[in-house]
Amino acid sequence: MNKIRVGVIGVGSLGQHHARVYSSLPEVELVGVVDALPGRAGEIAAKFGTVAYSDYTELFGRVDAVNIAAPTTLHAEIGVRCLKEGIHVLCEKPIAHTLEAADKLIQAARENDRILQIGHLERFNPAVVALREIVTRPRFFEAHRMGLFSPRSLDVDVILDLMIHDLDIISLLVPSAVEKITAVGIAILSNRIDIANARIQFADGCVANITASRVSMEKVRKLRLFQKQEYISLDYTRQDLAVFGLKHNAGSPLPEIVSRKIEPEKKEPLLLELVSFVEAIRGRHPVACCGDEGRHALALAMQIREQAESAQSREFEGKGDNGISI
C-alpha cells in the first residue's frame, strides 16, 4: 500500500510534535516541514529526516495531506489554498480566527471533496473516550484548565487557546442547544483575555461552569460532572476517571456511597489523532472532528469572548479616570 505523503506547516512548540509523530507512522511519508523561520524548519527537518521548506506552496504536487500548525489567523488562508490543490487538511484548533474564515475552509473542503479534520486533541484522550461510554444525561459540569504563562498562541485569547478544548468536549456530551451564556475575563500579561470564566445554560437544563487561565502557578486539566445519582471526575493529564455513585441496600434506609476508578491504557492523544486522520484519508472511518464540529466550538468560544468583553466594558464605564467606581 502506498504511503500517505504528509507535510507539516508550522513546526513551533506544537507542530514539531506533529512532525515527530508522522515520522514514526509506517503508513506515512513525512515529505517536508515548513516554517516562516528557515532555521527552525531546518532544525526540525534534520531531526526527523525530512526536507525543510520556507513556503508551504512548495509542498504542492509533493503531498497528499498537510498538517497546519501555523498561527490561527493563517489557518483559513493556508487551508483553503491546500484544499483547492486537492490536499487533505488537518488544521489545529481553533479551526480559524473568525466564523467567516471557518466557513471558507468548510466550503473549500466540500467543493474539492477533501478531508478537513480539526485538531481538537482532547477527543482522543483515553479518559475522554472512556467518559463518553458512561455518560448518560449530565446536569452540571465544572471544568478547570489552567497553565503557566507562555508566549505561545498569543495571537488568540485564552478562550480560543485553552477553554475551547472543554467547550468541544462538553458539546459532545450535551446534545442540546445553548440557551444562555454569561462570562467574565481579564487581560493580565498580554493584551488579550488571559483568564476567563463562563457559565453556559443548555436548553435541556444542563449547566456548565468553565474556567480557563494561562497565567496560573500550576497546570490543571480537570473536568467534573454530575448526572443522576453519579459524580464523575476526569483528569486529562493523568488520563483517568473517578466515579462516585449511590448503592441502595435492602433493609437500609440510607444509600451507600460507592466509588470506582477507571484507568484506561495510557496513550498519546496526538498519536491517536494523527492515526485517525490517516485512516480517514484511507476511507477506513469518518473524520473524527469535521469542519462543522470545529466551527461549532469556535462559535461557542466567540459568544463567550463577546460576553466577557462586554462585561469588562461595562465595568470600565462605571469607573472614573482614577479607577474609583462612580
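The values are calculated or read from the model by the stated rules, or taken from the named source; none is laboratory data. Bear in mind the structure is a predicted one, so any value in this text is a computation, not a measurement. Don't worry about glycine lacking a Cβ; one is built from the backbone with ideal geometry, like all the others, and counts go over all protein chains shown.
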Taking the criterion of being closer than 17 Å to Lys222 by Cα and among the charged types (D, E, K, R), would at least one residue in region 192-205 satisfy it? yes
How do the pairs read when you match residues in region 99-111 that are over 22 Å from Ile304 (Cα atoms) and small (Gly, Ala, Ser) with residues anywhere that are at pLDDT 95 or above and outside any helix (DSSP H, G or I), using Cβ under 6 Å and keeping only pairs 6 or more apart or on different chains? Ala109/Leu116
Failed condition for Lys261, given (1) loosely packed, with under 10 Cβ neighbours inside 10 Å; (2) in the same structural domain as Ile87 (by TED's automatic domain parsing): (2)
Go through region 227-267 residue by residue and tally those that are under 22 Å from the mean Cα position of the chain (by Cα) and on the phi < 0 side of the Ramachandran plot. 13
Can you name every residue in region 25-38 that is without any contact (Cβ under 8 Å) to a residue 60 or more places away in the chain and either over 18 Å from Asp55 (Cα atoms) or outside any loop (DSSP other than H, G, I, E, B) (or both)? Pro26, Glu29, Leu30, Val31, Gly32, Val33, Val34, Pro38
If we scan region 105-118, do we find a residue that is closer than 19 Å to Val6 by Cβ and of a type in the set (S, T, N, Q)? yes
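Could you list, in sequence order, all residues of region 113-144 that are part of a loop (DSSP other than H, G, I, E, B), surrounded by fewer than 23 Cβ atoms within 10 Å (Cβ to Cβ) and either touching a Lys or Arg at 6+ places or on another chain (Cβ under 6 Å) or of a type in the set (Ser, Thr, Tyr) (or both)?
Correct list: Thr136 only.
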At pLDDT 95 or above and within 15 Å of the chain's Cα centre (by Cα) - does that describe any residue in region 133-144? yes
Restricting region 145-171 to residues that are outside any helix (DSSP H, G or I) and among the polar types (S, T, N, Q), the one modelled with the lowest pLDDT turns out to be Ser153
Quick check, is Pro94 surrounded by fewer than 22 Cβ atoms within 10 Å (Cβ to Cβ) and assigned to a loop (DSSP other than H, G, I, E, B)? no
Just one listed residue, out of Ile181, Ile159, Ile195, is under 15 Å from the mean Cα position of the chain (by Cα) and closer than 17 Å to Gln307 by Cβ, and it is Ile159
Identify all residues within region 201-225 that are more than 15 Å from Ile181 (Cβ to Cβ) and part of a strand (DSSP E or B); write none if there are none. Ser213, Val220, Arg221, Lys222, Leu223, Arg224, Leu225
Search result, residues across region 83-111 that are touching a Ser or Thr at 6+ places or on another chain (Cβ under 9 Å) and farther than 15 Å from Gly294 by Cα: Glu85
Given the conditions (1) more than 26 Å from the chain's Cα centre (by Cα); (2) not in a strand (DSSP E or B), report the number of the one that Gln16 does not fulfil. (1)
Would you mind stating whether Gly42 is closer than 29 Å to Phe226 by Cβ, surrounded by 14 or more Cβ atoms within 10 Å (Cβ to Cβ) and either in the same structural domain as Arg214 (by TED's automatic domain parsing) or more than 23 Å from the chain's Cα centre (by Cα) (or both)? no
